[in-house]
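Peer 1: Input: one structure, supplied below.
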Amino acid sequence: MWSLFLDRDGVVNRRIVGDYVRGLDDFEFLPGVLGALAALARWAPRIVVVTNQQGIARGLMTAESVDAVHASMLARVTSAGGRIDDVLVCPHLAGSCRCRKPLPGLALDWLDAHPEVDPARSVMIGDSDSDIAMGRALANHTGGCRTVRIGSEDLSADQSFPSLAAFAASIA
């Protein structure tokens, strides 16, 4: 068994440049994502969202408002036939913890709690350099993890796709 790790902002939902998804009104799925998550749920044994949310530490939103966004996201994904097994959040400021991407702490802790998952077969999908770096760091700690860059060509990633929907279509 393996896990598909997904970044949130810019992969699942629209990234707000220069700001944060602070509440339900700010969260907007990217085109094709709900269908992609339904397809990926049939392919990936585990799907885990890994997201940095330093706006919590900055006082721009609360952990409860982020939890509400995730509860709504999960409900909509499920109603569309998809699945997300867990959502891992780093609420800390950059440089103040081991769980903030590009460090692999969130994923490593999740993997420790799920020994049935083979981390060397896992995949990290993200749209930023820190997402790909987290996948590479996870590979260094566990013996493997493929990386997929969404949104732009990236020679440091194993593969690149214009969207999560395009990635899902490639595995169907």
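The values are calculated or read from the model by the stated rules, or taken from the named source; none is laboratory data. It should be emphasised that the depicted structure is a prediction, and the values quoted were computed from it without experimental measurement. Positions of Cβ are generated from backbone atoms using ideal geometry, with glycine treated the same way; all protein chains shown enter the neighbour counts. What goes into the accessible areas is simple: the full protein's heavy atoms, side chains included, and nothing from ligands, DNA or RNA. Shrake-Rupley method; radii C 1.70, N 1.55, O 1.52, S 1.80 Å.
Peer 1: Conditions first: (1) on the phi > 0 side of the Ramachandran plot; (2) in contact with a helix residue (DSSP H, G or I) (Cβ under 6 Å, 6 or more places away or on another chain). Residue 95 passes all but one, so which condition is the exception?
Peer 2: (2)
Peer 1: Right, next: Looking only at region 13-35, filter to residues that are in a helix (DSSP H, G or I) and not acidic (Asp, Glu); which one of those is surrounded by the fewest Cβ atoms within 10 Å (Cβ to Cβ)?
Peer 2: The initial filter retains those residues of region 13-35 that are in a helix (DSSP H, G or I), namely 24-26, 33-35.
Filter once more, keeping what is not acidic (Asp, Glu): 24, 33-35.
Details: 24: 12, 33: 25, 34: 17, 35: 16.
So, considering only residues that are in a helix (DSSP H, G or I) and not acidic (Asp, Glu), the one surrounded by the fewest Cβ atoms within 10 Å (Cβ to Cβ) is 24.
Peer 1: Report, ordered by the first and then the second residue, all pairs with beta carbons closer than 9 Å, sequence separation of six or more or different chains, a first member in region 149-169 that is within 12 Å of residue 129 (Cα to Cα), and a second member that is assigned to a loop (DSSP other than H, G, I, E, B) and among the hydroxyl-bearing types (Ser, Thr, Tyr).
Peer 2: Listed by first residue and then by second, the contacts come to 149/128; 149/156; 150/163; 151/128; 151/163.
Peer 1: Let me ask another. If I ask for residues that are at pLDDT below 95 and in contact with a helix residue (DSSP H, G or I) (Cβ under 6 Å, 6 or more places away or on another chain), which ones from region 155-172 would you list?
Peer 2: 156, 171, 172
Peer 1: Still on this structure, I have one more. Within region 68-98, track down each residue that is touching a residue at least 12 places away in the same chain (Cβ under 8 Å), loosely packed, with under 14 Cβ neighbours inside 10 Å and either acidic (Asp, Glu) or part of a helix (DSSP H, G or I) (or both).
Peer 2: 72, the sole residue that qualifies.
Peer 1: Could you please find all residues in region 36-63 being part of a strand (DSSP E or B) and open to solvent by less than 20 Å² (accessible area, probe 1.4 Å)? Quick ask: steps written out before the conclusion?
Peer 2: Quick first cut of region 36-63, residues part of a strand (DSSP E or B) only: 46-52.
Listed by number, the residues that qualify are 47, 48, 49, 50, 51.
Peer 1: From the list 171, 132, exactly one residue is touching an Asp or Glu at 6+ places or on another chain (Cβ under 8 Å) and hydrophobic (A, V, I, L, M, F, W, C). Which is it? Walk me through it before giving the result.
Peer 2: Details: 171 fails: touching an Asp or Glu at 6+ places or on another chain (Cβ under 8 Å).
Residue meeting the stated conditions: 132.
Peer 1: Name the single residue, out of those in region 99-138 being farther than 23 Å from residue 41 by Cα and in a helix (DSSP H, G or I), that is most open to solvent (accessible area, probe 1.4 Å).
Peer 2: Checked region 99-138; the qualifying residue most open to solvent (accessible area, probe 1.4 Å) is 129.
Peer 1: Assuming residue 152 fulfils every condition listed in (1) open to solvent by 60 Å² or more (accessible area, probe 1.4 Å); (2) at pLDDT below 95; (3) not hydrophobic (A, V, I, L, M, F, W, C) apart from one, which condition is it?
Peer 2: Checking residue 152 against (1) open to solvent by 60 Å² or more (accessible area, probe 1.4 Å); (2) at pLDDT below 95; (3) not hydrophobic (A, V, I, L, M, F, W, C), the one that fails is (1).
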